[in-house]
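Accompanying notes for the structure given below.
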Amino acid sequence: MSPDGGLDARIHQNMGEFFTDQVVAIHKKMKTNSCPHGQSRIFIAKFDPREDEARFVISTVGPVYSEAEKERATFLLTSCYYTSLALANLYQLSSIAYPAISCGANNFPPNEAAQVAIESVRNYSYNVKDVRFVLYERSIYDIFVQEWTDYARKVNKEANITDETSDSTSEPSPKSKTPPPIPPKPSARHCVLCKDRQLPIDRQLLCLYCSELPRPEVFNNFLSRLRIAAKKSYDELQHECQLLKPVLNSYPLVYNPAQIFDQSIHQRDTVAEHYLQNHCDKYFRNSIPMAVLGDGNCFYNTFVKLGGVGTTTDASTLTSVELRARNVVELVLNIDTYTSQYNQLTPCLDNFEKYVREEMVCDTNYAAVWDLLSIPTVLNIQLISVYPKVNGDEDFNYKSLNFKLFIPLSEENSVNNQGKKTETMTVPKEVKLLFSHCNRPIAGFSKTKQVWTPNHFVPLLNYR
């Protein structure tokens, strides 16, 4: 983005100090990462532009071309157009003007650059209605014009053949031979996460941009994809889970939940303590309830906090969003198995398709019993649920969920025909989870015959 000759120097000269100061500020803040190859940044053009002047300048860093890394250079050039057009759409710009990116000192072959440019504009322009190429060298201008002419001719030819095929209502005579329709080109492979960027030949799932995102951001995008699919239909959500499931293998978990309450790092939940001591079985009363943030994600916050440092293999922070995304995929793709294994809990379960589409895929939404079924498989743990007897001995939820053991499917599948565990199988660590509430029951609660409903989850840890 710095003025080092050529077009960028002319832009800095024309826009003036206001524009240059923005670029310098970004360089100071982000240093070498101020704008990587293939990425784009948007700046205000001038402090007070005239009506006929550009309001914004979008800076994009084109790749240096070499025959040895042709695929990578093509990918990065496509990314230049994608990211710049994404910014133009985000800022609701109606027009944009491009030079022949990378065709100068970066030595990108003009005919190949023109192909990338025209195809990218067609795929990514969306609301940008006026896209211009400003080309000063006659040779490059002629190449772009020829490429556009060839492209338009090809598109029109395919469209005409399609129209002739669809409008034909009678069979052709034996003497007339209708040319067969041109078969469509194989669709380009795209990143399963962003859906927009084409994959280089050496990549199977994620584009270079998405693979370099921080782990939490990857799973923010992951859950967003699930949510978008869920809004369309349950079948679409299933399909999206199938597509995204291989991504999980690239981000392994090493989960080792805390077992002992440590006063130096854990805080005691006094409200949960009330439920534990007054409404829970004696078996659990030696446990200590650990305070967990009740922001709607308390279920997943529980496992994040219990996991602590070392949960991920890449030194990133495990987030509640990642656990929620993993749990959705696990549950959706194995729903028949979970429904069969926990069929006795059917009266406690909401309609699954409605719940997963409207609640489970949304961050900070309260978890339901469905979430308990699959989280043991995601984290390879044994989960024991503890349900307070606030509503009395005959409460169905108490009878069904108190002291209920949830185990990973992998453990279930490794049990042999005699029902005995194999010698090599390691027993997953145990987590006790209390159904709690953010407030204590009011005085005389039982006499008013109100039904107590939990709205919080709290983990139970052992004394030292």
For the range 199-240, enumerate the residues that are surrounded by 20 or more Cβ atoms within 10 Å (Cβ to Cβ) and in contact (Cβ under 8 Å) with a residue 60 or more places away in the chain. Cys207, Tyr209, Phe219, Phe222, Leu223, Leu226, Ala230, Leu237
If you scan the range 343-376, which residues turn out to be in contact (Cβ under 8 Å) with a residue 60 or more places away in the chain, farther than 13 Å from Ala230 by Cβ and over 20 Å from the mean Cα position of the chain (by Cα)? Leu372
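Just checking, which of Val292, Val271, Val218 is at negative phi, in contact with a Phe, Trp or Tyr (Cβ under 8 Å, 6 or more places away or on another chain) and assigned to a helix (DSSP H, G or I)? Steps first, please.
Numbers: Val292 fails: assigned to a helix (DSSP H, G or I); Val271 fails: in contact with a Phe, Trp or Tyr (Cβ under 8 Å, 6 or more places away or on another chain).
One residue alone meets the criteria, Val218.
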Name the residues in the range 100-111 that are surrounded by fewer than 18 Cβ atoms within 10 Å (Cβ to Cβ) and under 13 Å from Phe144 (Cβ atoms), would you? Pro109, Asn111
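Working only within the range 32-82, note down all residues that are aromatic (Phe, Trp, Tyr) and either modelled with pLDDT under 90 or in contact with a strand residue (DSSP E or B) (Cβ under 6 Å, 6 or more places away or on another chain) (or both). Let's see the steps before the verdict.
Going through the range 32-82, the residues aromatic (Phe, Trp, Tyr) turn out to be 43, 47, 56, 65, 75, 81-82.
Correct list: Phe43, Phe47, Phe56.
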Asn256 farther than 18 Å from Glu330 by Cα and surrounded by 12 or more Cβ atoms within 10 Å (Cβ to Cβ): yes
With the structure loaded, tell me whether Gly308 is surrounded by 12 or more Cβ atoms within 10 Å (Cβ to Cβ), out of contact with any strand residue (DSSP E or B) (no Cβ under 9 Å at 6 or more places or on another chain) and in the same structural domain as Leu383 (by TED's automatic domain parsing) or whether it fails that test. yes
List, please: which pairs have Cβ atoms under 8 Å, are six or more places apart or on different chains, and start with a residue in the range 248-260 that is within 19 Å of Asn220 (Cβ to Cβ) and end with one that is crowded, with 17+ Cβ neighbours inside 10 Å and aliphatic (A, V, I, L, M)? Leu248/Val329; Ser250/Leu205; Ser250/Leu206; Tyr251/Val218; Leu253/Leu318; Leu253/Val378; Leu253/Leu379
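The values are calculated or read from the model by the stated rules, or taken from the named source; none is laboratory data. As the structure is a computational prediction, the values presented were derived from the model and not from experiment. FYI the Cβ positions are ideal-geometry reconstructions off the backbone, even for glycines, and counts take in every protein chain you see.
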